[in-house]
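Below: the structure, in structure tokens.
The values are calculated or read from the model by the stated rules, or taken from the named source; none is laboratory data. Values in this document were obtained by computation on a predicted structure and should not be read as measured data. Glycine gets a Cβ as well: all are built from the backbone with ideal geometry, and neighbour counts include every protein chain shown. All accessible areas refer to the heavy atoms of the entire protein, side chains included, with ligands and DNA or RNA removed. Shrake-Rupley method; radii C 1.70, N 1.55, O 1.52, S 1.80 Å.
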Amino acid sequence: MSGQQRTPETNSARTETLKQCCAKLYESDLAKILLGDSFHPGGLKLTGRVGSLLHLAPESHVLDVASGKGTTALFLAERFGCHVVGIDYSTENVAGANDLAETKGLASRVRFEHGDAERLPFPDASFDAVLCECAFCTFPNKTDAAREFARVLGSGGRIGLTDLTRDPTLPKGLDGLLAWIACIADAQPAARYVEYLRSATFDVEKAEPHDEALAEMVEQIRMKLLGAEIMVGLNKLRLPGVDFSNAKQLAKSALDAIQNGQLGYVIITASKRLRIA
């Protein structure tokens, strides 16, 4: 068989590059315009649903993995009174989120750190709950990430995972969309996410579909694309390199795929298996 053999060093470099690309994508002007402050379907309403399923309370210590600009972590602290640590691969996001926590007067209960979901910088059994919203599909090594979630949870601790789901095969146009937004190219069927968690010593409690939240988000993106295109045409906004015609067609294809059950969104909750002495 011909071709270059990949060494562990090569794979590591490729993984690092992918993580950096994902972080930069969500820092981009286009992402800020299209996605706003909440980078996941359902927004804070769905975040509240996950928090309730995790039984969060003022005494809970929560890890928010891929915490982005801090919106989710700060909301959880305000809504449930819990203590939250957010971890994100983007140093820009971490700095901005810590500033926001100070501004909101929540720095005593919420803090943000730079780190990697596949190598969490926390001791074993540090948290009562882990939350990961619309990010697990972006992790190059999902098996390691799931094991890390289990490691930092105490016995009986819970995880709430929300993510994009997809059929193994998608229309050609949508494969292009997933290549365009490389970070969601490895979205999985819901059953596969369940397998990752079970293999990491979790007992899955619920897999709750929320395809309607994804459809609403894509429709909002379509409308924002139209607005951005007008602003660019009036020279009131600069977005070099954006092909608006292609982007609008891809958004339409995504809506069709959601309606056909080929793309979706799911909440999965699970608890770490209790240790038997």
What residues qualify as long-range amide H neighbours of residue 157, i.e. H under 5 Å apart, gap of 5 or more or another chain, H built at 1.01 Å from N? 272
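What is the local net charge at residue 200, summed over the other residues whose Cβ is closer than 14 Å to its Cβ (Lys, Arg +1; Asp, Glu -1)?
Net charge around residue 200: +2.
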In terms of solvent-accessible area of protein heavy atoms at a 1.4 angstrom probe, what is the ranking of 265, 196, 89, highest value first? 89, 196, 265
For a 21 Å ceiling on Cα separation, which of these pairs sit above it: 142/272; 45/142; 69/252? 45/142; 69/252
Got a number for the accessible area of residue 112? Probe 1.4 Å, square angstrom, nearest 10. 10
Can you pull out the trypsin sites (Lys or Arg not before Pro) in the range 40-117 whose DSSP state is coil and whose Cβ has at most 16 other Cβ atoms within 10 Å? 104
For the range 63-132, one quarter of the surface area of the C-alpha convex hull, expressed in nm², comes to 4.2
Check each of the GluC sites (Glu not before Pro) in the range 56-128 and keep only those in coil by DSSP with at most 13 other C-beta atoms within 10 angstrom; list them in order. 59
